[in-house]
Amino acid sequence: MRTHIIAGLMGCFALLAGTAELEYREGGIIRGPMDQRMIALVFTGHEFGEGGEIILQQLSRHHAHASFFLTGDFLRNPDFTNLVRKIAKGGHYLGPHSDKHLLYCAWETDKKTLVTRDEFRRDLESNLAALAKYGMRRNRIHYWLPAYEWYNSEIARWSAELNLQLVNFTPGTRSNADYTGEADKNFVSSEAILKSILDKERSDPNGLNGFILLLHIGAGPGRRDKMHDRLGGLLDALVSKKYRFVRADELLRQ
């Protein structure tokens, strides 16, 4: 009995030690372990995917794996079928991003939940069903990333009920603004995005270790300054600093 109790306690301590390496916000993981020079490149997609081929080419050139969180609408779009197949064949992680790109909670400070638990469940299950058609079995999907990169603790809790861990980008760079168009008030140029990433690498005591770096697989016709055209240069710069690019599940060790 004593041996079993000790073994159980050791298991709990090991679990706590593992999770202590991860950074959470409102129940979602926003950064992986900072003790190794690993970065999870994350690409989300809903309406647009014009950067997909270039992104895959650059990942292949750098022998890198990434994670693609795609909506059900993206997955069902026949224009993207071949691209998604290449992503899966290339050994990258494929995960949900909401079936219909729903805004789950309000933008205001209180972040009031805007969907019911059943609506949330149906939306995410429909996204998972669309992924299954590309050979992504449910038991291989551990992580998902919410639409708009916006959520609250209730959404994270509902995710856990479906045995999914919510993840989001690591704050500190402008990478997630690569969808903005030149006519938008919040437009951020690719040069400014690139600079913000490299500045963060220099200023953070841990560099970009454990970073979940989010970009978009496409920005659409409203943006001429495509960040995916700068991806190769960014990866070159980070490789020169000895970073490795891994899938989200590898970074987060599941």
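Read-outs throughout are calculated quantities, based only on the coordinates presented, and are distinct from any laboratory measurement. The structure displayed is predicted, hence computed values, not measured ones. Backbone-built Cβ (ideal geometry, glycine too); neighbour counts: all protein chains shown.
Select from segment 152-254 those GluC sites (Glu not before Pro) which occupy a DSSP coil region and have at most 12 other Cβ atoms within 10 Å, ordered by residue number.
E182
Tell me which residues come under 5 Å, amide H to amide H, from R31 once H is placed; ignore anything under 5 positions away on its chain.
Here the answer is E23, since their amide H atoms fall under 5 Å of that of R31.
Pulled fully out, how much extra length does the chain show between E149 and R25, if you take 0.36 nm times their separation in residues and subtract their Cα-Cα distance?
Value of the extension gain: 43.4 nm.
Under unit Cβ charges (Lys, Arg +1; Asp, Glu -1), what dipole magnitude, rounded to 20 debye, does segment 22-251 have relative to its Cα centre?
With only Lys, Arg, Asp and Glu charged at Cβ, the dipole is about 660 debye.
Straight-line reach from K226: which lysines fall under 23 Å, measuring Cα to Cα and dropping same-chain residues less than 8 apart?
Candidates past the 8-residue exclusion: K86, K185, K195, K200.
Which shape class applies to segment 52-139: rounded if a/c is under 1.5, otherwise prolate when a/b exceeds b/c and oblate if not, where a ≥ b ≥ c are the square roots of the Cα gyration tensor eigenvalues?
Prolate is the answer for segment 52-139, as a/c is 1.5 or above and a/b outweighs b/c.
Quick one: dipole size for segment 137-254, taken about the Cα centre, charges +1 on Lys/Arg Cβ and -1 on Asp/Glu Cβ, in debye to the nearest 20.
Charge dipole, segment 137-254, about its Cα centre: 360 debye, nearest 20.
Which of these, A64, A156, A237, has the largest mean-square fluctuation under a Gaussian network model of the chain (Cα springs below 10 Å)?
Of A64, A156, A237, the Gaussian network model singles out A237 as fluctuating most.
Among F211, F187, F69, which one shows the highest mean-square fluctuation when the chain is modelled as a Gaussian network with alpha-carbon springs under 10 Å?
The residue with the greatest mean-square fluctuation here is F187.
Between Y143 and residues 5 or more places away or on another chain, which pairs have amide H atoms under 5 Å apart, with H built 1.01 Å from N, and which residues are they?
Q165
Which residue fluctuates most in the GNM of the chain (Cα springs below 10 Å): T180, T71, T109?
T109
Considering the dipole of the chain built from charges on the beta carbon (Lys and Arg +1, Asp and Glu -1) around the Cα centre, which of G232, M38, L215 is farthest to its positive end?
M38
Let me have the 222 nm mean residue ellipticity of the chain computed from DSSP H runs of 4+ only, each contributing -39500 (n - 2.57), with the sum over all residues rounded to the nearest 500.
Helix contribution divided over all residues of the chain: -11000 deg cm²/dmol.
What are the residues whose amide H is under 5 Å from the amide H of A219, where those residues sit 5 or more places off or on another chain and H is modelled from the backbone?
The list, which skips near neighbours in sequence, is E50, G51.
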